[in-house]
Every structure is written in structure tokens, then in C-alpha cells.
1. To the nearest 0.05, what FRET efficiency results for L97 and D54 with a Förster distance of 25 Å applied to their C-beta separation?
2. Show me, bin by bin at 10 Å from 0, the whole-percent P(r) of segment 24-115 based on Cα pairs.
3. Can you check what the net charge comes to around L45, using other residues whose Cβ is under 14 Å from the Cβ of L45 (Lys, Arg +1; Asp, Glu -1)?
4. Tell me the label-point distance for the pair D33, C66, using the 7 Å Cα-to-Cβ offset, in nm and rounded to one decimal.
Amino acid sequence: MRCENNRIRDVKTIAYAMRNKPDWEICMNDLYDDKVIDCFLKGQLQLFPDSVADTPEEAEAFLEDCMAVVVNSPKKVIEYFDEVGADIQGLNEKTILDEAEVFDVGDGRYLIVEG
């Protein structure tokens, strides 16, 4: 579920996030709370073969570098992938939420990290 052109994906992600605040958070200026960072630290191996961060500070920096987003519902996860050009047609909600890029924060929010 990756967009072929990362630059276009990143621009689309920013534009979409700006239009849809507060439902979206762009990873800038401390937008990742402890729960989101902890979720990523515990689950990073679902997306990467090796750990990319060992501390909360490293995790936050990594999430900022890759422009990860936090959304408030499964519907917003689907909207995100649709907006960035991922081929999700024909996939049901459960399949999309089970993708390696999607981390269930546990409080109704989802962290989306494209590796």
C-alpha cells in the first residue's frame, strides 16, 4: 500500500491533513503523545525487519522524518490511503487496518507509518 512517488505522497499527506484538522495530525512540533510513541516502539517490528528506534525520543524523530500521521477512526485510515493514491479498492476495513503500516494506538486512534 505504498504510493510510487514519495514526494507526491508527502505533499498530498500534508494537504489532506491541513484540510481535515483536527482529525489529522502531521508529525511536527510534539504532536505525538506518549501513547502513540509507545505504540510505535512496541509494534515497529510489524513494519520493519529490525528496530528503527529504541527510545521515545528516537521514535518521535523517526515518525517526524517519515511524516507519519495519526487519525481518529478506521474511516480516516481508509480516507488517508485513498488520498495518497494507495490501491485499496476491493479491500475491506479489517484488511486495511491489518496492514503493516497501520498501528492501532488502542484508544480509537491509528498511527499510519509508511516505511
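1. Values: r = 27 Å, r/R0 = 1.06.
Here the calculated transfer efficiency is 0.40.
2. So the P(r) values, bin by bin, are 16, 54, 26, 3.
3. Values: positive: K42; negative: D50, D54, E101.
The answer is -2.
4. 2.2 nm
Readers should treat all values here as calculations from the given coordinates under stated rules, not as data from a laboratory. The structure presented is a predicted model; accordingly, all values stated were derived computationally and were not measured. Don't worry about glycine lacking a Cβ; one is built from the backbone with ideal geometry, like all the others, and counts go over all protein chains shown.
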